[in-house]
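Below is one structure, written out as structure tokens, with a few remarks after it.
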């Protein structure tokens, strides 16, 4: 009769050899054999179909494992994957426009040790582009003077000065525009918006030199005659449109706590050649710039003001603030860009931006992203609170070397809108 032999599993063979070696006192070889046993009973590490790195469009990542009976679990929140994590069943989409995502995966199989964790980090960085939103038609080649944006960048409002211009609004990131005839044809100098774009406030220098407000995204307008007739040059709004602050050139600063119905002449700060004013999201903190003068700040809705002499007397043209008023940024026409991270107490000359005919500056809600416009030049941006700058409209760009008068930013800095004098309205956003 033919004998049959049953083969022992690898682990049993290793165990027998280990026992023999242990009896002989050879512990080093025992350690090696133990490691081989663990390796032989561990599931292979999962692999990703896409190499880690930076991509300019959305990507799909497939996870596989060489062990046919293995189950894969994964995480995208930074935690270590376990059998309690998401079970992998289909490809994972890493979507932009600005996304950093790390996928971690582990493979498990009954009776085997879990695999080593596989990890891959992906960055989706969709390119940005400028779009001329008024290349022809009624909004083309006008004397645009100021532009404002809602916090998400979807609602925009822009004004035309000289010769009796109009107020224009857009509710779709600037794709289409409507001329708001109800506001009248005037020499508009500045416009401000609430965070949702419903409340607007604008000032004009001719024919009535008044302040105008809207509570329906610019459809209808009210002449806030109580503000008086002054040489209005700039206006700012808090996030809900209730607190307004406006400056008159060679005049005073005026504030309103009821959406422009009543106004207070903050005469204590004095009559100056005020050129620009900005407001924190709650309206408590204000900052105003004087042309050929200093920057002044207020922490109580404009009731009292501090002369921030550290800013020095300069040809200040525009000032912007973070939502809490901590971070300020201001531009000097024919000079540099300056920033402050302590409510204006001290200032840093951001020489990396260069000395230019700066005309306007805008800030993200946290003050990290800035955008500044040069009249007869380009628009520059910074993603590190002004330390370094990038020319967004370099030579070769359709938006290069235009008469930029004003720039506005969404709260996260990803959407920009700008107007050029004797030109058009332009928007800057990531390509979908």
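The values are calculated or read from the model by the stated rules, or taken from the named source; none is laboratory data. All of these numbers come straight from a predicted model, not from anything done at the bench. Counting neighbours? That spans all protein chains shown, and the Cβs are built from the backbone with ideal geometry, glycine included.
Looking at region 309-327, which of the residues that are outside any loop (DSSP other than H, G, I, E, B) and over 24 Å from residue 265 (Cα atoms) is nearest to the chain's Cα centre (by Cα)? Result: 311. Being within 27 Å of residue 130 (Cα to Cα), part of a strand (DSSP E or B) and under 21 Å from the mean Cα position of the chain (by Cα) is the requirement here; does residue 352 meet it? When the stated conditions are applied, residue 352 does not pass them. Screening residue 120 on (1) closer than 28 Å to residue 414 by Cβ; (2) in the same structural domain as residue 393 (by TED's automatic domain parsing) shows it passes everything except condition (2).
Residue check: is residue 309 surrounded by fewer than 24 Cβ atoms within 10 Å (Cβ to Cβ), farther than 18 Å from residue 149 by Cα and either in contact with a helix residue (DSSP H, G or I) (Cβ under 9 Å, 6 or more places away or on another chain) or touching a residue at least 60 places away in the same chain (Cβ under 8 Å) (or both)? No, not satisfied. Taken over region 289-308, the criterion of being farther than 13 Å from residue 279 by Cα and under 27 Å from the mean Cα position of the chain (by Cα) is satisfied by 295 alone. For residue 289, the test of being farther than 21 Å from residue 157 by Cα, crowded, with 19+ Cβ neighbours inside 10 Å and out of contact with any helix residue (DSSP H, G or I) (no Cβ under 6 Å at 6 or more places or on another chain) is passed. In this structure, is residue 281 out of contact with any strand residue (DSSP E or B) (no Cβ under 8 Å at 6 or more places or on another chain), in a loop (DSSP other than H, G, I, E, B), closer than 23 Å to residue 364 by Cα and touching a residue at least 12 places away in the same chain (Cβ under 8 Å)? So residue 281 passes the test.
Is it the case, given these coordinates, that residue 137 is in the same structural domain as residue 160 (by TED's automatic domain parsing) and out of contact with any strand residue (DSSP E or B) (no Cβ under 6 Å at 6 or more places or on another chain)? Here the answer is yes, as residue 137 does meet what is asked.
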